[in-house]
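The values are calculated or read from the model by the stated rules, or taken from the named source; none is laboratory data. In this text the structure is predicted, and so the values were computed from the model without any measurement. Cβ sites come from the backbone with ideal geometry, for glycine too, and all protein chains shown count toward neighbours. Accessible surface is based on the protein model in full, side chains and every heavy atom, while ligands, DNA and RNA are left aside. Shrake-Rupley method; radii C 1.70, N 1.55, O 1.52, S 1.80 Å.
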Amino acid sequence: MRKNIEIRKLEKSIIRIREIFYREYANLYLLTGGKKNLLIDTGLGVFNIRKIVEKISSAPLVVLNTHCHYDHCGGNKFFGNIHIHQLEEQCILHPNKQNTASFLLNGKDFTYKPRGFNASNYKVIPSNKAIPLKHNKIIDLGNFKLQERRGIPKIHDF
């Protein structure tokens, strides 16, 4: 694995993927659910996070953004469908420096910069398709289900 990415199993079905090249770290979580996996957030998009996730597991993948800030949705460009709360749907379909907060980035934020990377040119690429999470939406992963309830996801073990 890359020296700039840390992968740590936190619990039986929860893996944290940490982008350690960024000063605040970008933490992504992979929930392995038996039938499907769920990737919570996609990081900055500096590295192809999809390839990293596929090395961990080949199970079908569902992707969910907690919100549309650059360090949570920057890697959406590597995936097709992105689940996100319905109030943030337009943000990932039409990102800009303001709604993704990427105006806060500067070159000093990175402890490691890939060849050719320039923080001042960084931008979040629009997602291909947003799937809005509406009240009581359930994502079934097999071993457990994730359910949206009034903006707060709840996990149910089965």
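Among the residues of region 101-120, are any loosely packed, with under 14 Cβ neighbours inside 10 Å, more than 26 Å from residue 138 (Cα to Cα), in contact with a helix residue (DSSP H, G or I) (Cβ under 6 Å, 6 or more places away or on another chain) and touching a residue at least 60 places away in the same chain (Cβ under 8 Å)?
Checking region 101-120: not a single residue is loosely packed, with under 14 Cβ neighbours inside 10 Å, more than 26 Å from residue 138 (Cα to Cα), in contact with a helix residue (DSSP H, G or I) (Cβ under 6 Å, 6 or more places away or on another chain) and touching a residue at least 60 places away in the same chain (Cβ under 8 Å).
Of all the helices (runs of 4 or more DSSP H) wholly in region 20-119, which have at least 3 residues that are closer than 17 Å to residue 5 by Cβ?
49-56
From the list 11, 6, pick out the single residue that is over 19 Å from residue 63 (Cβ atoms), open to solvent by 80 Å² or more (accessible area, probe 1.4 Å) and among the acidic types (Asp, Glu).
11
Would you confirm whether or not region 51-59 contains a residue that is among the charged types (D, E, K, R) and surrounded by 22 or more Cβ atoms within 10 Å (Cβ to Cβ)?
No; the residues of region 51-59 include none that is among the charged types (D, E, K, R) and surrounded by 22 or more Cβ atoms within 10 Å (Cβ to Cβ).
Go through (1) within 18 Å of residue 67 (Cβ to Cβ); (2) of a type outside the set (Gly, Ala, Ser); (3) open to solvent by 10 Å² or more (accessible area, probe 1.4 Å); (4) touching a Ser or Thr at 6+ places or on another chain (Cβ under 7 Å) for residue 27 and report which single condition fails.
Just one mismatch for residue 27, condition (4).
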